[in-house]
Amino acid sequence: MKNKLSAFTLTRHMMKYSKPYSFIFILATLLISIDILFSVGNTWIQQFFINLIDEGSLERLLTFVQISLAVGLGCLAMMVIQFILRNYTISYISRDFTLDFFEECNKIPLLEANRYSSGDLVNRINKDAPAASEIIDFLVFNILFHILMSAVVFIYLARIDLLLALLALIGGPASFLIGKLFDMKIRSVTVEAQKKDADVRNILQEMMQGVKVVKSLCIEKIMHRKYTVERDKQNKLFMKRALLTSFREQSIEFSFNAIAYTCTFFVAVAAIQNEITPGQVLAFLFLTMRLMGPFLGIAQMWSSLQMALGAGDRVDKIGNLFKNKDENDIDVEADQSVSNFTSPAIQIANGKFSYQKDKELFNHFNLTIDSGSSVAIVGPSGSGKSTLAKLCGGLYELDSGNMEIFGQSLNENQEKVRSNIAYVPQTPYLFSGTIVENIELGSKENTTMNDVIEASNLANANGFIATLDQQYDTAIREKGSSLSGGQRQRIALARAFIRNAPIIILDEVTSALDNESENLISQSILQLLDRGSTVLFITHNLSLAQKADRIIVMENGQIVEDGDHESLLSLKGLYAQLRGG
């Protein structure tokens, strides 16, 4: 089992994000001293003030008050500046870390990403990443402040009475150690609560996105019960964490007050015996709380630190704190190498792939697709057609073997190699925004409106877009729910066509459509074939398949037949059976 993330590792990683704001960060850290001097100095002022009263010198008293007010106002102004600089730095560190983690989540291989629910991933990005970044605030600003405060206060009190100062000091570590007894349990419960929070979020997303199915099946009550059960489990975890935190704080509070009252008693005894002055009594009583208070503050914040570490564990599980980011973060545009378009468009050599380790789908799989050719892949359901399309599109990675796109290995620079491919899935996904914005997403460069219209014409989408009130500026609701399936698919095709990629992969884009939409999309595919693009398309439409230069027939993860329409018919094998001949 992987060790839990240490506070040192998480803090060291977060400190990297302070570099762009290093001047502000250092200044905010140095200004912590102003807060400490103000707190201790305020006590010294009160002590000196009372001693002046005993002396009966009004003139010295007024002068002292004026100087104290001026210094105090200056300190308050500096403390406000420190607060602003501190929060500025922390907010930007949190933003930058969250953005990097979001980028890291986008790099997760598709198969691995499928192991997480969308609600879980959203929770890790929106909640866990910002929570983990708060460790800088806890350790650098809060805990550092409390440690320095304790040191300065102890020195001040030791000059008055060393034994009383040592007695007061005992209360701090005692309170802290009592709090430590609860730490690991709070951290563990926090991780469980965050996981359950993600589960609840995922149920809500499924209900909202599948509302049509929920209503059509009349399962509102079933979904409500499911949500209630998971929400109840989440609430129990929240209550458990709250109770642990409460018990922890009450235990700390009890030990804190017990030692504080003991100190007060001995201070009173010392005052009665005239061993300390009235001003020193006031200073001691006030600073005893200041001496123990930082430990109490550290102990109370320690539970928040455990929550930050729990969030860090969940971020680390996916991003592994981006340890290889600097090595793998390759700028595609800066890579001046050019693909060799005279090489085969796609070549798989001795490829192996499996969804489960003990069950291979592809074994010693070999495939070569020439540049500029059109290849249709057909076969019964479950034969591996769509998996092959995802492998060729760079969405899945081979377990072993090699795959090259125009002579470049997919493993060397996956992002650059994939830039040569436009992939259209069976189920199109449209984003919230306008039609033109959705189409432009497919472009690798700045595009003009003419480019958008040309891609739409190729996808046979311009006809229905022209009938809309806002045409290309028509807003699309979530997942394109305001459009029909055929309209969504045509926009997805236009988004792929505007990419001008040398390889186009279409994964059963004509399935589950009405006849009219299927005919329009089939016409688009035929136009692609005429343009001489390298086209790989999965289809059940054998009339469309026979228009391809080459037809590959798959069964049980293997290529069982390979040739053109006429040659495959003459074999009277699986292809002929699929055609009913």
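Just a few scattered comments:
- Distance in nm between pseudo-label sites at Met78 and Thr434 (7 Å out along the Cβ direction from Cα): 5.4 nm
- Between Asp399 and Lys352, Phe353, Ser354, the built amide H atoms are under 5 Å apart, and every one of these is 5 or more places off in sequence or on another chain.
- Efficiency of FRET from Cβ geometry, Glu397 and Arg579, R₀ 25 Å, rounded to 0.05: 0.15
- Less than 5 angstrom separates the built amide H of Glu561 from those of Val553, all sequence-distant by 5 or more or on a different chain.
- Surface/4 estimate of mean projected area, convex hull on alpha-carbon atoms of the stretch 346-578, nm²: 12.9 nm²
- A dipole drawn for the stretch 346-578 from +1 and -1 charges on Cβ atoms has a positive end, and of Gly372, Ser443, Ile348 the residue lying farthest that way is Ile348.
- For the pair the stretch 431-499 / the stretch 82-141, the C-alpha centres are spaced 33 Å from each other.
- Three semi-axes describe the equivalent ellipsoid of the stretch 89-129; taken as square roots of 5 times the Cα gyration tensor eigenvalues and ordered largest first, they are 22, 11, 4 Å.
- Long pairs among Lys195/Lys385; Lys16/Lys317; Lys107/Lys233, criterion Cα-Cα beyond 25 Å: Lys195/Lys385; Lys107/Lys233
- In plain terms, the chain from Asp358 to Ser386 could stretch by 8.0 nm, reckoned as 0.36 nm per residue minus the Cα-Cα distance.
- Cβ charges +1 (Lys, Arg) and -1 (Asp, Glu), total dipole of the stretch 88-212, debye: 240 debye
- For the pair Asn366 and Glu103, the difference between a 0.36 nm per residue extended length and the Cα-Cα distance amounts to 91.4 nm.
- Pairs of alpha carbons in the stretch 527-576 separated by more than 13 Å make up 58% of all such pairs.
- Two-site FRET efficiency, Tyr227 against Ile24, from Cβ-Cβ distance with R₀ of 41 Å, rounded to 0.05: 0.40
- Segment Glu253-Lys236, length gained on full extension (0.36 nm per residue, minus Cα span): 3.6 nm
Here, each number is a calculation from the coordinates, and none is a lab measurement. For clarity, every value in this text was computed on a predicted model and none was experimentally measured. Reconstructed Cβ throughout: ideal geometry from the backbone, glycine too, with neighbour counts over all protein chains shown.
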